[in-house]
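First comes the structure, then the notes that go with it.
A short reminder: the numbers here are calculations on the coordinates, not readings from a lab. Everything numeric here is computed off the predicted structure, so don't read it as measured data. Every residue, glycine as well, gets a Cβ built from its backbone with ideal geometry; the counts of neighbours run over all protein chains shown.
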Amino acid sequence: MDSFQHESTQYLYKRRLDEKLTAKEEFGLSEIYGNIIQSLHETAKEVLGEKHKRQSRKIWWTDEIEGLVAKKKKLYQKWLSTKRYKDKHAYLEIRDRREE
């Protein structure tokens, strides 16, 4: 959005939006509204570009923790399918495991 503060970017946005709005013919109120919204979005993408979301990875989330979570999930699924005490105990053991 900082780039929209520049006068040249504002001019380009206004010009392209005007071109898009005058190029289409609409018949009903909903078509006019839809055209305006679509034109605003397309013009903003063309002029400003798209912002890419950055994947944030928590510092504490390591490969070891990811492996433990996957193992816990696998044991839970096994216990649900078998309903055996041994499988339940294995799941509860890893679920309640604490690092100290």
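Give me the angle, in degrees from 0 to 90, between the Cα long axis of helix 7-23 and the longest principal axis of the Cα atoms of the chain, rounded to the nearest 10.
So the inclination is approximately 80 degrees.
Return the distance in nm (one decimal) between the two label points of a simple spin-label model at K78 and E19, each offset 7 Å from Cα along Cα→Cβ.
6.3 nm
How big is the chain in terms of Cα radius of gyration and Dmax, in angstroms?
Computed over the Cα atoms of the chain, radius of gyration and Dmax are 27.4, 71 Å.
Given charges of +1 on the Cβ of Lys and Arg and -1 on the Cβ of Asp and Glu, with all other atoms neutral, how large is the dipole of the chain about its Cα centre, in debye to the nearest 20? Provide the component values of the computation, followed by the final result.
Numbers: 23 positive and 18 negative charges, 244 e Å.
So the dipole magnitude of the chain works out to roughly 1180 debye.
Select from R15, R84, R54 the residue whose mean-square fluctuation is largest in a Gaussian network model of the chain (Cα-Cα springs shorter than 10 Å).
R84
If you stretched the chain out fully between L48 and K88, how much longer would it get, using 0.36 nm times the residue separation minus the C-alpha to C-alpha distance?
Length difference between fully extended and current span is 9.0 nm.
Just grab the label-to-label distance for L29 and D63, each label 7 Å out from Cα along the Cβ direction, in nm (one decimal).
6.1 nm
As a test of the formula, what do you get for the chain when each DSSP H run with n ≥ 4 contributes -39,500 (n - 2.57) and the sum is divided by the residue count, at 222 nm and rounded to the nearest 500 deg cm²/dmol?
-23000 deg cm²/dmol
Projected area of region 2-48, taken from the Cα convex hull and averaged over every viewing direction, in nm²?
3.2 nm²
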